[in-house]
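Presented below is the structure to which this report refers.
The values are calculated or read from the model by the stated rules, or taken from the named source; none is laboratory data. What you see is a predicted model, and the numbers here were worked out from it, not measured in a lab. Virtual Cβ from ideal backbone geometry, glycine too; neighbours counted across all protein chains shown. What goes into the accessible areas is simple: the full protein's heavy atoms, side chains included, and nothing from ligands, DNA or RNA. Shrake-Rupley method; radii C 1.70, N 1.55, O 1.52, S 1.80 Å.
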Amino acid sequence: MEITVTVNDEQYRRSVEPRLLLVHFLRDDLGLTGTHWGCDTSNCGACVVWLDDVPVKSCTVLAAMADGKRVRTVEDLAFGAALDPVQQGFVQCHGIQCGFCTPGLLMTARWLLDHDPDPGEGTIREAISGQLCRCTGYENIVRSIRWAAEHPDGAGS
Ligand code: FES
Ligand code: FES
């Protein structure tokens, strides 16, 4: 089937198998490998992207379901050389170790801060509760997101 999807403000028209998952469409058809594919069972959250401005686990969405919709991936977070404050926060507060969970966490964190610019620790923990990290113990991830909330314009703010 033919689908037309706008990904990071660029429109793509592709022929896909009806059963193709969005995560594979992004990674394999479009070469956007920033979105990670982990558990494939909707548990880990490494595959989170935005679909029409709502975070979704892209391993639970068919590419066909994105037909006519907008997708935003982690590749769209930075503005050229300028990292998004959530990316800066993960660097500043060591929210990254192996980095496998990071793309999904960044997309969830950006969405949270767009809707609640000053979330408390409990709100942050609830927002990331659908995402697994095998490395950090979450403390530094929560600190990273708080850092981004406190520096909405990035390191200079
Ligand atoms: S790969 Fe989608 S939730 Fe783990
Ligand atoms: S940093 Fe390794 S899984 Fe989160």
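Report, by residue number, each residue of region 65-77 that is open to solvent by 30 Å² or more (accessible area, probe 1.4 Å) and either farther than 17 Å from His36 by Cα or among the hydrophobic types (A, V, I, L, M, F, W, C) (or both).
Met65, Asp67, Gly68, Lys69, Arg70
Inspect all residues belonging to region 30-42 and state whether any of them is within 14 Å of ligand 2 (Cβ to nearest atom), farther than 28 Å from Ala149 by Cβ, open to solvent by 20 Å² or more (accessible area, probe 1.4 Å) and part of a loop (DSSP other than H, G, I, E, B).
Yes - at least one qualifying residue is present in region 30-42.
Quick one: is Leu105 closer than 18 Å to Cys44 by Cα and in a helix (DSSP H, G or I)?
Taking the combined requirement at face value, the residue satisfies it.
Sort through Val86, Val91, Val142 and tell me the only one that's within 16 Å of ligand 2 (Cβ to nearest atom) and touching a Leu at 6+ places or on another chain (Cβ under 6 Å).
Numbers: Val91 fails: touching a Leu at 6+ places or on another chain (Cβ under 6 Å); Val142 fails: touching a Leu at 6+ places or on another chain (Cβ under 6 Å).
Just one listed residue meets the conditions, Val86.
All but one of (1) of a type in the set (Asp, Glu); (2) farther than 26 Å from Glu150 by Cα; (3) in contact with a helix residue (DSSP H, G or I) (Cβ under 7 Å, 6 or more places away or on another chain) hold for Asp84, so report the exception by its number.
Answer for Asp84: the failing condition is (2).
With at pLDDT below 95 and open to solvent by less than 10 Å² (accessible area, probe 1.4 Å) as the only criterion, which of Gly80, Gly154, Gly95 stands out?
Details: Gly80 fails: open to solvent by less than 10 Å² (accessible area, probe 1.4 Å); Gly95 fails: at pLDDT below 95.
Gly154 is the lone residue from the list that is at pLDDT below 95 and open to solvent by less than 10 Å² (accessible area, probe 1.4 Å).
Kindly evaluate Val56 against the criterion of being free of Cβ contacts under 8 Å to residues at least 60 places away in the same chain, away from ligand 2 (no atom under 16 Å from the Cβ) and β-branched (Val, Ile, Thr).
Judged against the criteria, Val56 is a match.
Do you know which residues across region 132-155 are among the aliphatic types (A, V, I, L, M) and not in a loop (DSSP other than H, G, I, E, B)?
Listed by number, the residues that qualify are Ile141, Val142, Ile145, Ala148, Ala149.
Under 13 Å from the mean Cα position of the chain (by Cα) and either buried (at least 22 other Cβ atoms within 10 Å of the Cβ) or among the acidic types (Asp, Glu) (or both), is that true of Asp53?
yes
Mind checking whether some residue in region 67-74 is in contact with a Gly (Cβ under 6 Å, 6 or more places away or on another chain) and away from ligand 1 (no atom under 16 Å from the Cβ)?
no
Filter region 98-111 for residues that are closer than 20 Å to Glu10 by Cβ and open to solvent by 30 Å² or more (accessible area, probe 1.4 Å) and give the result.
Arg110
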